[in-house]
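Presented below is the structure to which this report refers.
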Amino acid sequence: MVPFSTTNVVKHEGFLSNRNAMKTLARKLYRKVRALRPSRVNKLDLRDSYPRLTRSLKWATDIDRAMADAVGGEFEAIGILELETLKYFGLKEDAYVIDVGCGSGRLAKPLSRYLTGRYLGIDIIPELVEYAQRIVARSDWQFEVGQGLSIPEKDGAADVVCFFSVFTHLLHEQSYVYLQEAKRVLKPEGKIVFSFLDFTVPGHWEVFEGNIGDLGVNSKPLNVFISKDAVTIWAEHLGLQVQVIKDGGDSFIPLSKPVVFESGLVIENAGAFGQSVCVLQKGPDA
């Protein structure tokens, strides 16, 4: 395996520079993209993110930059906001967290400094999973490459299952199946936390207009919207309770210190996640 820290890539025998290492990694991902026959690729499937990831990796000069861009950028700031979101909704230090769509470790990295309990990170791209595992460096934590829409854990094991920026790229049916899996692996009174795009949030309309501009561009995955009504209906059929839904523009996340974005933006006291956030809870007898 290619070492994924910038320093190790430079030192590793056979890699003369970060750029050479990135080209090798890009070729590996390109072969995976080519293996997906166009007739079998659904534009709304999460696996459509492979081409976008490949492009970002192909031209990167820095593995850390590439891994941040692969999950949408603002690696440090968004990771902190995701952690503070979980804490706001009651995450305890000794909890067991399952992070579906862990990517390159955007949440896992700050979470590793807070959580003393178990962690399972799942993603469909092996290179991102390996990178996340390396930067977290927690031997007691588990990372796995996701297979299908299943969560590799026994029934009733986890306290929290989170899906940050996952349902935004899945068909509704796929998101629902993931919620079924999340309920299965949760302990009684455990929580599911997920983010989503919502037409009722003014700031999300720009994303929808971007979707319109990308129609017919197979290399760009669409962003999928979920209505609050849909969430309520899903929860009813799943036997879950909607604990709270927070709008993407609502600065509800308490911040103990300022969060600084790469763009220069600094937010203090309270922050917004950007996407809307929903918390579903499993019943005590479920």
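Throughout, read-outs are computed from the coordinates displayed, never taken from laboratory work. Remember, predicted model here, so these are calculated numbers, not experimental data. When we count neighbours, we look across all protein chains shown, and the Cβ atoms used for this are built from the backbone with ideal geometry, even at glycine.
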Magnitude of the Cβ-charge dipole (Lys and Arg +1, Asp and Glu -1) of the stretch 64-123 about the Cα centre, nearest 20 debye, reported as 180
The rounded separation in angstrom of the Cα centers of the stretch 78-157 and the stretch 198-272 is 20
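Under 8 Å for C-alpha pairs, at least 6 residues apart: give me the relative contact order for the stretch 164-225, rounded to a whole percent.
Values: 43 pairs, mean separation 28.9, N = 62.
The normalised contact order for the stretch 164-225 reaches 47 percent.
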A correct fewest-to-most ranking of ILE226, ILE233, ILE135 by other Cβ atoms within 10 Å would be ILE233, ILE135, ILE226
Select from GLY148, VAL161, THR116 the residue farthest towards the positive end of the dipole of the stretch 69-168; place +1 on Cβ of Lys and Arg, -1 on Cβ of Asp and Glu, and compute about the Cα centre.
-> THR116
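In debye, nearest 20, what is the charge dipole magnitude of the stretch 75-282 about its Cα centre with +1 on Lys and Arg Cβ and -1 on Asp and Glu Cβ, if you could check?
Working: 18 positive and 27 negative charges, 104 e Å.
Approximately 500 debye in magnitude.
Kindly put ARG138, ARG65 in sequence by how many other C-beta atoms sit within 10 Å of each C-beta, fewest to most. Before the final figure, lay out each step's value.
Working: ARG138 13, ARG65 17.
Lowest to highest Cβ neighbour count: ARG138, ARG65.
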Volume in Å³ per residue [convex hull over Cα atoms, computed for the stretch 75-282] | 127
Within the stretch 186-271, which GluC sites (Glu not before Pro) sit in a loop by DSSP and count at most 11 neighbouring Cβ atoms inside 10 Å?
-> GLU262, GLU268
Simple spin-label estimate for ARG138/HIS172, 7 Å along Cα→Cβ, in nm, reads 3.5
Counting other beta carbons within 10 Å of each Cβ, put LYS246, LYS187 in order, fewest first.
-> LYS187, LYS246
Rough spin-label spacing in nm, given labels placed 7 Å along Cα→Cβ, for TYR114 and GLU268 | 2.1
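Take the residue pairs LYS183/LYS228; LYS109/LYS154; LYS228/LYS257; LYS92/LYS187 and return only those whose Cα atoms are more than 22 Å apart.
Details: LYS183/LYS228 19 Å; LYS109/LYS154 25 Å; LYS228/LYS257 31 Å; LYS92/LYS187 14 Å.
Too far apart for the 22 Å limit: LYS109/LYS154; LYS228/LYS257.
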